[in-house]
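This report concerns only the one structure given below.
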Amino acid sequence: MSNGTSPAKDRPSVGRTLQQARIDARLTVDEVSSATRVRAQIIHAIEADDFSRCGGDVYARGHIRMIARAVGLDPAEVMALYAEQEGEATLPPPTAPVFEAERIRPEPRRPNWTAAMVAAIVAVIAFVGFTFAGGGGDGSAGSVANESPSPSPTAEDGGEGVEQESEAPPADPEPDPSDEAVAGVPADKVTVVATVESGSSWISAKDASGRLLFEGVLEDGDSQTFVDDEQIDLVLGNAGAVQLHVNGKPLESVGEPGQVQRLTYTKGDPEEG
């Protein structure tokens, strides 16, 4: 007996739904590609219900969400149709470990930089401290010998010697750690950390030579770190969902939900290109 619920096979497919919405919105595939940064060939494949060119289920879901938003559909409804059409039983295991591995790979650089800079600071402090301490001790001994010809210095002279020795260490106060050490990033490089805090976003990152460092969809909680000697160029498909730390400094906002942002950062204080 039918319960009145229309199964997925009786409704338009995900690809047909997205295609019809695009046509109704009077958008071309190239226009949708420009708005979402999803390649036109992939959009054509998705509209034909061929998700194999997306590079995996998690990327297919990210592409479908962005295309649905661009053509004026509710991404949640389209994703529900996709899940019903593809069948939850056939979905691969959660891919969070994949993103975890991706964001772990760049991380060893940051502790190494921090450890190297902290070690250098400690070494400099120790060298300067020992140098001044040694110089102060020699000076005190010479002062006592010159001022007191007898083997036993007077109480006044002894007091001065003790005072000089006690004052020598404070003469070289320990410097505060540099901004670079606190931030954990090198001052001579551009470091950008992109973290998705809500929803998902397609992200592309290139270095100063135009070499592609990363291109793909990050889900809620995923993060990527990009480093270059001169410049990092970013494209964010859903800027409102992305939090950026540039050269160790967090940026309050880089865009609105659903907004496509193209950003460029160089060394020093964060500056949008």
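The values are calculated or read from the model by the stated rules, or taken from the named source; none is laboratory data. Just so you know, these numbers come straight off a predicted model, no measurement behind them. Every residue, glycine among them, receives a Cβ derived from its backbone with ideal geometry; neighbour counts consider all protein chains shown. Just so you know, the surface numbers come from the protein's heavy atoms only, side chains and all, with ligands and any DNA or RNA stripped out. Shrake-Rupley method; radii C 1.70, N 1.55, O 1.52, S 1.80 Å.
Structure summary
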| quantity | calculated |
| --- | --- |
| Gly255 being farther than 30 Å from Ala119 by Cβ, assigned to a loop (DSSP other than H, G, I, E, B) and at pLDDT below 85 | yes |
| Filter result for the condition that a residue is in contact with a helix residue (DSSP H, G or I) (Cβ under 9 Å, 6 or more places away or on another chain) and under 28 Å from Val58 (Cα atoms), over Val246, Val192, Val254 | Val254 |
| Selection status of Val235, under 24 Å from Arg39 (Cα atoms), in contact (Cβ under 8 Å) with a residue 12 or more places away in the chain, assigned to a strand (DSSP E or B) and open to solvent by less than 40 Å² (accessible area, probe 1.4 Å) | yes |
| All positions within the stretch 14-50 that are touching a residue at least 40 places away in the same chain (Cβ under 8 Å), open to solvent by 30 Å² or more (accessible area, probe 1.4 Å) and within 33 Å of the chain's Cα centre (by Cα) | Ala35, Arg37 |
| Selection status of Val124, out of contact with any helix residue (DSSP H, G or I) (no Cβ under 6 Å at 6 or more places or on another chain), surrounded by 12 or more Cβ atoms within 10 Å (Cβ to Cβ) and either modelled with pLDDT of 90 or more or not hydroxyl-bearing (Ser, Thr, Tyr) (or both) | no |
| Hits in the stretch 1-13 - residues which are at pLDDT 85 or above and open to solvent by 70 Å² or more (accessible area, probe 1.4 Å) | Pro12 |
| Tally, over the stretch 194-230, of residues that are over 18 Å from Gly258 (Cα atoms), assigned to a strand (DSSP E or B) and open to solvent by 20 Å² or more (accessible area, probe 1.4 Å) | 6 |
| The stretch 36-71: number of residues that are over 18 Å from Ser201 (Cα atoms), of a type in the set (A, V, I, L, M) and outside any helix (DSSP H, G or I) | 1 |
| When residues of the stretch 80-108 are limited to those that are part of a helix (DSSP H, G or I) and either at pLDDT 95 or above or small (Gly, Ala, Ser) (or both), the one farthest from Val217 (Cα to Cα) | Ala89 |
| Residue match in the stretch 262-269 (condition: within 19 Å of Ala60 (Cα to Cα) and among the small types (Gly, Ala, Ser)) | no |
